[in-house]
Amino acid sequence: MNEAAVFSRLNQLQNDLSIRFALEEEIARLPRDLKVKQELLDTINLDYIDEHTRSEVAKVELKNLGYQYEDAVQARDKSERNMELITTQREFEALEKEIKDAAAKEQSLLKQLHVKEKQVQEFEMRLTEKEELMALQKSEVDAEASKIDALLAEKQQELAEVGARCESYIDDEITPDLYAKFSNIVKNKKGKGIVPVHGLVCQGCHIILPVQFVNSVRDGKGVEFCPYCSRILYWEDVEGADEKFIAGRVDSEADLGDFVEEGEFDDVL
Ligand SMILES: [Zn+2]
C-alpha cells in the first residue's frame, strides 16, 4: 500500500465530495426560493377573494337600496295623487305630512344609493388592480418554476457525474468502508476530512496526540483517524516539526495510558 498515493487520492476525493455536498445543498435550496414567491401569490389570491366577497355584498346592498328607492318614489307619487281626493283641512294636513315624510325618505335613500354606487365602483377598481397584480405574480411564479426545473435538471446531471466520480475512487485501498467513513467525516467536518499532523498536533482539531500514535501516523503503514476529531491523519514535515515531536514525546510519555484505541471512536463517525 502506497500511503502517499492514498492520501493524495483521499485529498482529491475530498474535493469531489465537497462539490457533491454543495450540489446536494443547492438542489435542496432551489425549491425553497420558489416557495417564497408561491406564498406571496397565495396571499395575493386570498386578498383578492376577500375583496371580491366584499364587493359582491356591496352589489347586493346596492340592488336592495335601488328597490327601496323605487318603493319610496311610488309611495310619494301615490300620496301626491291622493291630494286630489281630500276634502277637509285635517285630511290635507295629514296627507301633506305623509308627502313630506315620503320625500325625505326618498332623498335619504337616493343619498345612500349614491354612496353605495361609489363604493361598488371603488371595489371594481381595486379588484382590477388586484387581478393585474395576481397575473403579474403568477407569471413570475411560472417563470421561476420553469427556471428552477431547468436548473434542477442541470444540477441533478452534475450531481450524477460528480457522484460517479466520487465512487470511482473506491478500490482495494479506498475500500467501500473507508469511503463511507471518509464521506461522513468530510460532510460533518465542513469539507475537511483529511488533515496533516505537525509535530504532535492534529491540524484538524489542534489537540496534542499521543506519541506512539503519531509514530504510527509517521510510519504510514495504514490509515489512522484522529482519536479526537475523527479526521484521517497524515504526517507532514514542517519547519520545527521534529523538534516539537521530540519535545512533545518527553511531555506526553506519561499520558500514553489514556490513549484511545481506534475502535472506540468509530461511533462518532
Ligand atoms: Zn483531530
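What's the number of the condition Ser55 fails, among (1) at pLDDT 95 or above; (2) open to solvent by less than 70 Å² (accessible area, probe 1.4 Å); (3) in contact with a Lys or Arg (Cβ under 7 Å, 6 or more places away or on another chain)? Ser55 satisfies all of (1) at pLDDT 95 or above; (2) open to solvent by less than 70 Å² (accessible area, probe 1.4 Å); (3) in contact with a Lys or Arg (Cβ under 7 Å, 6 or more places away or on another chain) except (3). Given the structure, is Ile49 modelled with pLDDT of 95 or more and surrounded by fewer than 13 Cβ atoms within 10 Å (Cβ to Cβ)? Yes: the conditions hold for Ile49.
Considering Ser183, Ser108, Ser146, the condition of being modelled with pLDDT under 95 and either touching a Cys at 6+ places or on another chain (Cβ under 6 Å) or of a type in the set (Ser, Thr, Tyr) (or both) is satisfied by Ser146 alone. Please determine whether any residue of region 70-90 is closer than 30 Å to Glu131 by Cα and either open to solvent by less than 90 Å² (accessible area, probe 1.4 Å) or modelled with pLDDT under 95 (or both). No: zero hits. For Gln137, the conditions (1) closer than 30 Å to Gln68 by Cβ; (2) touching a Leu at 6+ places or on another chain (Cβ under 7 Å); (3) polar (S, T, N, Q) are fulfilled apart from (1). Among residues of region 216-229 that are more than 12 Å from Cys205 (Cβ to Cβ), those with a Cβ under 7 angstrom from a residue that is open to solvent by 30 Å² or more (accessible area, probe 1.4 Å) and polar (S, T, N, Q), sequence gap 6+ or separate chain, pair up as Glu224/Ser216. Would you be able to tell me the number of residues in region 123-145 that are open to solvent by 70 Å² or more (accessible area, probe 1.4 Å) and either touching a Ser or Thr at 6+ places or on another chain (Cβ under 9 Å) or farther than 30 Å from Glu61 by Cβ (or both)? Result for region 123-145: 6.
Looking across region 180-205, the residues that are in a helix (DSSP H, G or I) and either of a type outside the set (Ser, Thr, Tyr) or surrounded by fewer than 18 Cβ atoms within 10 Å (Cβ to Cβ) (or both) come down to Ala180, Lys181, Phe182, Asn184, Ile185, Val186, Lys187, Asn188. Specify the residue that is nearest to Ser8 (Cα to Cα); the eligible residues are those in region 193-215 that are more than 8 Å from the ligand (Cβ to nearest atom) and aliphatic (A, V, I, L, M). Once the filter is applied, the top-ranked residue is Ile194. With the structure loaded, tell me whether Pro196 is in the same structural domain as Leu233 (by TED's automatic domain parsing) and under 22 Å from Asn2 (Cα atoms) or whether it fails that test. For Pro196, the condition - in the same structural domain as Leu233 (by TED's automatic domain parsing) and under 22 Å from Asn2 (Cα atoms) - is met.
Applying the criterion of being among the β-branched types (Val, Ile, Thr) and within 24 Å of Glu25 (Cβ to Cβ) to the residues of region 175-192, the residue that is nearest to the ligand (Cβ to nearest atom) is Ile185. Could you tell me whether Asp172 is more than 27 Å from Phe21 (Cα to Cα), away from the ligand (no atom under 16 Å from the Cβ) and either without any contact (Cβ under 8 Å) to a residue 40 or more places away in the chain or basic (Lys, Arg) (or both)? For Asp172, the condition - more than 27 Å from Phe21 (Cα to Cα), away from the ligand (no atom under 16 Å from the Cβ) and either without any contact (Cβ under 8 Å) to a residue 40 or more places away in the chain or basic (Lys, Arg) (or both) - is not met.
The values are calculated or read from the model by the stated rules, or taken from the named source; none is laboratory data. Source: prediction; values computed, not measured. So basically every Cβ, Gly included, is an ideal-geometry build from the backbone, and we count neighbours across all protein chains shown. Please note that ligands, DNA and RNA were not included when accessible areas were found on the heavy atoms of the full protein model with its side chains. Shrake-Rupley method; radii C 1.70, N 1.55, O 1.52, S 1.80 Å.
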